[in-house]
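Colleague: Provided herewith is a single structure, encoded as C-alpha cells, for subsequent inquiry.
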Amino acid sequence: MSSSEGESNSNAPHATSFVPPESQSNGDKTPTEKMKVIVQDDGSVVGEYAKVWNSRSGDYVREHIPISYTNWRRVPQNLKDNVWNALMDEFELDVPPKVARPLLEKSWSQKFRTYKTTLRPLLKTRNPLGAKPKGVDRDTWRKFVESESDPKKQQQNIKNAENRQKMQFTHCLGRRSYAQKQYMMKKEQPEKPIKRVDKWLAAHQHADGTVLESAKVKYDEVKAAIKRRKDASAAGEGCSSNALEDLDNDELAEVFGKDKKGGVRGVGSNVSKKQLIHMGVAMAKIEQHRKENEEVVSLKDELISHVNSRLDNFQGMIQSVLSKLSNVNESAAPLAVSTPAAVSDLCSNTVGLSGPNSPERPDLIPVILLDKFGKELANGYVVTDATSGVCHLKKVGLGEKKVYVEKVLEPNAPVWDPPQWGHDTLAGFARGGYLIWLDCWLKYV
C-alpha cells in the first residue's frame, strides 16, 4: 500500500471542516441524555432523531477518515472504530450495538465519497495545493490532490459525472431515507399497509403536496398504473393482496422496469432485492407467530376469567354454609348440609346420586336429551347461571347448551362432540354430571 494514501499518518490527528456536536441542535435532549434511534432490518435508521443520526454520521466520517484514502476498503479499522465510538457516545440503539454495526456502517462509504466529491471543484483552480479548504491539514490535502491527479482517477470521475447527469430526477426526501419516510407515514396512519410504491410517490411530493416537476411524467404514469390495477381488482381480474411485495410485477416495475444492481427503487441504495425478499419471508413468519401468541393469550385470559368467576361463586357458597352452621349451633338442632351443585362441578363432574333439585335451583331448566333421530337418551337440566358458558374448561359454542344429566336412559348412546370429561358414551354420566349438548337435540319439558 503506497504512502500516497495516507496510511503512514492514519493515527495522526488531522483537522477537518467537522462541526462539533454541541453546536448542532439536539432537540430537547440534555447534553448527558442519549438520543434514541430505531434500526431497521436493512440498516436504515428511523425515529425522532434519525435525521440527526445521518448528519452526525457524515460529520464523524469527515472528522476521523482522511480524504487521502482512495478506497474505503483501505481505511484502517481503528479509524472506523473512532467513528462508531463517537456515535455511540451520542445515540442509543434499540438493538445491541454489536448486531447493528455491520448494517449501519454500510452508509459510511457513500458519505466518504460524497464529501470528496464536494471538494473536487477546488482542484480546478490554477494552484490546487493552495486551494486547501479550512480545517484540512496540509499533508492530507497534498495526498488528496496527488491521488485525484492520476489520469485513471480523472477518467473515472468524468464517467461518474456523466452518469449523474443521466438521472432523470431526484426526490424530495432531503436527508431523510425511504425508511424514515415510511416510519413517518406509519405514525400518521398506523393501520394502513405501506408498499414501496406509496413511499416512492410520497418521496416525490413537496411538503405542500405538489409533485416534483422533473418527476411529474413518471409520477403520473405510476398513478395510472395503480388505478388500472385497482379497477382490475374490483372487476375480479386482479391478484389478491399478499404480505410479500412482488418487486418484479408491481406498479414501479411496470413503469420503470425491473430493479437492477445498486438498490431498489422506493427502498434505497443500501439494500438489494434479494435481501428484501429474505426479510419479507422472515417478517411474514414473525407476524404468523405473533397472531398465534395472541390466540394463546386470549384463551389464557378467558380461562383465568372463568376460574375467577367460579372461585367467587365458591366463596359465596362457603359463606352460605358457614352461616347455616352458625344457625345450627344457635338452635342446637341437627342440620343436613347438602353439597351445592356448582361446588361439586368445580371439584368433579359428579354432583351426587340425587342430582340438583329444580325447586332449589331455579336456574336449572328441565329437559330431555335426544339424539339426531329424536330418541330420548337422558333426563336433565339446562344450566343458565354464570357458569353456563364453560363446561370442564371448554367453551360452550353457538347452538350448544351446558346440561346437567340427572338420569341416563340409554347408557350406550354416544355423547355430543366426544370425548366429554373423558367419556364417549352416556354411561360415564350414569351417576350424574355436566356435559355439552346441541340445543336442537334438547326437548324442554
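Colleague: Go through the range 132-151 and report how many residues are more than 16 Å from Thr117 (Cα to Cα) and hydrophobic (A, V, I, L, M, F, W, C).
Modeller: Qualifying residue count, the range 132-151: 0.
Colleague: Here is a follow-up. Which residues, taken from the range 14-47, are part of a loop (DSSP other than H, G, I, E, B) and either modelled with pLDDT of 90 or more or under 22 Å from Val267 (Cβ atoms) (or both)?
Modeller: First pass over the range 14-47, keeping only residues part of a loop (DSSP other than H, G, I, E, B): 14-20, 24-34, 40-44, 47.
If the condition is that a residue be part of a loop (DSSP other than H, G, I, E, B) and either modelled with pLDDT of 90 or more or under 22 Å from Val267 (Cβ atoms) (or both), then Lys34, Gln40, Asp41, Asp42, Gly43, Ser44, Gly47 are the ones that fit.
Colleague: Step by step: first the residues of the range 264-296, then only those that are open to solvent by less than 80 Å² (accessible area, probe 1.4 Å) and modelled with pLDDT of 75 or more, then the one that is farthest from Ser388 (Cα to Cα). Which residue is that?
Modeller: Across the range 264-296, the extreme among qualifying residues is Val264.
Colleague: Just the residues that are surrounded by fewer than 16 Cβ atoms within 10 Å (Cβ to Cβ), at pLDDT 85 or above and out of contact with any Asp or Glu (no Cβ under 6 Å at 6 or more places or on another chain), please, taken from the range 355-387.
Modeller: Once the filter is applied, which keeps residues that are surrounded by fewer than 16 Cβ atoms within 10 Å (Cβ to Cβ), at pLDDT 85 or above and out of contact with any Asp or Glu (no Cβ under 6 Å at 6 or more places or on another chain), the range 355-387 yields Pro366, Asp371, Lys372, Phe373, Gly374, Lys375, Glu376.
Colleague: Name, by its number, the condition in (1) over 29 Å from Ile65 (Cα atoms); (2) under 30 Å from the mean Cα position of the chain (by Cα) that does not hold for His171.
Modeller: (1)
Colleague: Follow-up. Looking at Asp248, Asp198, which one is outside any helix (DSSP H, G or I), open to solvent by less than 60 Å² (accessible area, probe 1.4 Å) and of a type outside the set (S, T, N, Q)? Explain how you work it out, then say what you get.
Modeller: On the way: Asp198 fails: outside any helix (DSSP H, G or I).
From the options Asp248, Asp198, the qualifying one is Asp248.
Colleague: Continuing with this model, one more query. Please tell me if Arg101 is assigned to a loop (DSSP other than H, G, I, E, B), open to solvent by 20 Å² or more (accessible area, probe 1.4 Å) and without any contact (Cβ under 8 Å) to a residue 60 or more places away in the chain. Show your work before the answer.
Modeller: Numbers: assigned to a loop (DSSP other than H, G, I, E, B): no; open to solvent by 20 Å² or more (accessible area, probe 1.4 Å): yes; without any contact (Cβ under 8 Å) to a residue 60 or more places away in the chain: yes.
So Arg101 fails the test.
Colleague: Does the range 425-432 contain at least one residue that is part of a loop (DSSP other than H, G, I, E, B) and open to solvent by less than 40 Å² (accessible area, probe 1.4 Å)?
Modeller: Narrowing the range 425-432 to residues part of a loop (DSSP other than H, G, I, E, B): 430-432.
If we keep only those that are open to solvent by less than 40 Å² (accessible area, probe 1.4 Å) too, we end up with 432.
Within the range 425-432, one or more residues are part of a loop (DSSP other than H, G, I, E, B) and open to solvent by less than 40 Å² (accessible area, probe 1.4 Å).
Colleague: Take the range 150-193 and flag every residue that is of a type in the set (Ser, Thr, Tyr) and either in a helix (DSSP H, G or I) or open to solvent by 60 Å² or more (accessible area, probe 1.4 Å) (or both). Steps first, please.
Modeller: Here is the first cut: in the range 150-193, the ones of a type in the set (Ser, Thr, Tyr) are 170, 177-178, 183.
Correct list: Thr170, Tyr178, Tyr183.
The values are calculated or read from the model by the stated rules, or taken from the named source; none is laboratory data. What you see is a predicted model, and the numbers here were worked out from it, not measured in a lab. Neighbour counts are summed over all protein chains in view; Cβ atoms, including those assigned to glycine, are modelled from backbone coordinates with ideal geometry. All accessible areas refer to the heavy atoms of the entire protein, side chains included, with ligands and DNA or RNA removed. Shrake-Rupley method; radii C 1.70, N 1.55, O 1.52, S 1.80 Å.
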